[in-house]
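Since the structure comes first, as structure tokens, the remarks are kept for the end.
The values are calculated or read from the model by the stated rules, or taken from the named source; none is laboratory data. Keep in mind it's a predicted model, so treat the numbers as computed, not measured. Here Cβ is always computed from backbone atoms with ideal geometry, including for glycine, and neighbour counts include all displayed protein chains.
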Amino acid sequence: MNAATESALRQAWQGRGWLARLLYPASLVYRMLVALRRALFALGWRQATRLPVPVIVVGNVVVGGAGKTPTTIAVVRHLLARGWRPGVVSRGHGRKGTTPQAVTNTTDAADSGDEPLLIRRATGVPVFVDRRRAAAGRALLSAHPEVNVIVCDDGLQHLALARDLELVVFDDRALGNGWLLPAGLMREPWPRNSRVPALVLHQQRHTAPTFCPGFVARRTLAPDARDAAGHAIRLDTLSAGGPLHALAGIARPEVFFDMLRERSLALSSTFSLSDHADLAPLWPGIAAQCVPGSTLLCTEKDAVKLWPLLGEDAPRVLAVPLVLSPEPAFFSALDAQLSSRHGPQTP
């Protein structure tokens with residue numbers, strides 16, 4: 001699906017206009033399939049795999065871009081500070097392989113997926129990918145027996161992996177028009193039919209959520225961008241350094257562009273790509289549209305794919321990190337859930 005089609009659908013999902021109504025019958029079929037799948041696990045006809053360590057699943061009820069990966073990174077960093085030894089498993093969306101694979105700092109994003117590579121570089125903890133998250137977890141624990149808690153990135157609907165705690169992430173879209181796919185943006189009905197303890201985290205840029213109780217996390221851009229060598233460049237100095245362009249291959253590129261403009265950065269052009277886009281075939285055309293001597297700003301998720309493609313005549317490419325700041329009560333609730341089930345950890 002291209003970025004234009006994604007954008008049209010996402011706009012339709014925020015209301016109940018003609019396109020959403022046209023797709024509504026299909027959403028009823030989708031709802032029945034979701035219910036059937038849950039019933040198969042609830043009745044024991046399909047078995048969930050339980051790993052020998054606590055499993056925290058991070059995910060969302062709505063499609064795309066609600067902030068699962070930044071939440072995963074924030075949770076992993078918190079667990080490290082609390083004395084846990086976490087590892088991360090993920091599907092590795094778009095990767096080439098079909099067997100469990102370890103992700104290192106030098107892994108090609110095509111082999112791991114962009115988000116697992118970003119998580120590995122941001123946290124330094126063991127990361128394994130596989131479509132079957134339980135298989136990834138077993139491989140991770142075999143290679144890293146010191147790991148005593150696993151965080152699953154984007155696994156809320158992956159019922160084949162048993163979990164001890166679910167972290168449900170929402171952004172400012174809330175539940176959209178309240179309908180399931182393909183008429184709306186919901187992957188499953190809300191409230192969820194789950195016996196697993198869950199914490200809700202609302203990622204907001206401006207206003208507090210109102211549609212359901214939960215904790216709040218503020219989303220902002222970091223004050224510094226970073227180049228491929230890890231050097232920091234302050235955002236407030238970029239306007240004096242030549243024309244600025246921006247690229248985003250995420251679920252909602254316009255959110256990233258708006259956040260840059262809110263930092264008083266004038267963008268000469270923007271490149272909206274589909275989520276997890278393969279940048280290798282697109283990069284020559286994008287680079288050709290950038291003014292010589294200009295700077296291209298992108299998300300960290302895009303940067304792990306862009307930096308290996310840069311040649312001598314390429315524009316300067318800088319990644320602008322997203323800073324996620326959950327309220328302290330969220331981490332207190334997370335600690336309480338883990339402590340009540342598995343005992344406390346101390347740094």
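Applying the criterion of being of a type outside the set (A, V, I, L, M, F, W, C), in contact (Cβ under 8 Å) with a residue 40 or more places away in the chain and out of contact with any strand residue (DSSP E or B) (no Cβ under 9 Å at 6 or more places or on another chain) to the residues of the stretch 101-119, the residue that is farthest from residue 337 (Cα to Cα) is 108.
Going residue by residue through the stretch 91-100, is there one that turns out to be crowded, with 21+ Cβ neighbours inside 10 Å, outside any loop (DSSP other than H, G, I, E, B) and in contact (Cβ under 8 Å) with a residue 12 or more places away in the chain? The answer is no; no qualifying residue exists. Does residue 80 satisfy the criteria of being over 24 Å from the mean Cα position of the chain (by Cα) and farther than 19 Å from residue 251 by Cβ? For residue 80, the condition - over 24 Å from the mean Cα position of the chain (by Cα) and farther than 19 Å from residue 251 by Cβ - is not met.
Being assigned to a loop (DSSP other than H, G, I, E, B), of a type outside the set (Val, Ile, Thr), surrounded by 13 or more Cβ atoms within 10 Å (Cβ to Cβ) and at pLDDT below 95 is a description that does not apply to residue 47.
Per-residue answers, yes or no, for (1) touching a strand residue (DSSP E or B) at 6+ places or on another chain (Cβ under 8 Å); (2) of a type outside the set (Gly, Ala, Ser); (3) not assigned by TED's automatic domain parsing to the domain that holds residue 143:
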| site | (1), (2), (3) |
| --- | --- |
| 10 | no, yes, yes |
| 29 | no, yes, yes |
| 47 | no, yes, no |
| 64 | no, no, no |
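Checked against the criteria, residue 104 counts as hydroxyl-bearing (Ser, Thr, Tyr), at pLDDT 95 or above and surrounded by fewer than 18 Cβ atoms within 10 Å (Cβ to Cβ). Within the span defined as the stretch 335-342, every residue fails to be at pLDDT 95 or above, surrounded by 13 or more Cβ atoms within 10 Å (Cβ to Cβ) and not assigned by TED's automatic domain parsing to the domain that holds residue 66.
On the stretch given as the stretch 50-83, residues that are on the phi > 0 side of the Ramachandran plot and loosely packed, with under 15 Cβ neighbours inside 10 Å total 1. Does the stretch 249-267 contain at least one residue that is in a loop (DSSP other than H, G, I, E, B) and of a type in the set (Lys, Arg)? Yes: one or more hits.
Looking at 226, 163, 192, just one residue is in contact (Cβ under 8 Å) with a residue 12 or more places away in the chain and more than 25 Å from residue 50 (Cβ to Cβ), and that residue is 226.
The residues on offer are 195, 163, and the sole one that is basic (Lys, Arg), in the same structural domain as residue 66 (by TED's automatic domain parsing), more than 24 Å from residue 26 (Cβ to Cβ) and crowded, with 19+ Cβ neighbours inside 10 Å is 163. Evaluation of residue 239 against the conditions (1) at pLDDT 90 or above; (2) outside the structural domain of residue 171 (by TED's automatic domain parsing) shows that the sole unmet condition is (1). Taking the criterion of being farther than 18 Å from residue 145 by Cα and outside any loop (DSSP other than H, G, I, E, B), the residues of the stretch 61-89 that qualify are 62, 68, 69, 70, 71, 72, 73, 74, 75, 77, 78, 81.
So that you can scan it fast, the table gives a plain yes or no per residue for (1) of a type in the set (Asp, Glu); (2) free of Cβ contacts under 8 Å to residues at least 60 places away in the same chain; (3) assigned by TED's automatic domain parsing to the domain that holds residue 228:
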residue	(1), (2), (3)
275	yes, no, yes
278	yes, no, yes
283	no, yes, yes
288	no, yes, yes
310	no, no, yes
330	no, no, no
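Of the strands (runs of 3 or more DSSP E) that lie entirely inside the stretch 120-227, those containing 3 or more residues that are touching a strand residue (DSSP E or B) at 6+ places or on another chain (Cβ under 8 Å) and not aromatic (Phe, Trp, Tyr) span 149-153, 165-170, 198-204, 215-221, 224-226. When we screen 87, 59, 83 for residues that are out of contact with any helix residue (DSSP H, G or I) (no Cβ under 7 Å at 6 or more places or on another chain), within 30 Å of residue 124 (Cα to Cα) and assigned by TED's automatic domain parsing to the domain that holds residue 162, the only hit is 83.
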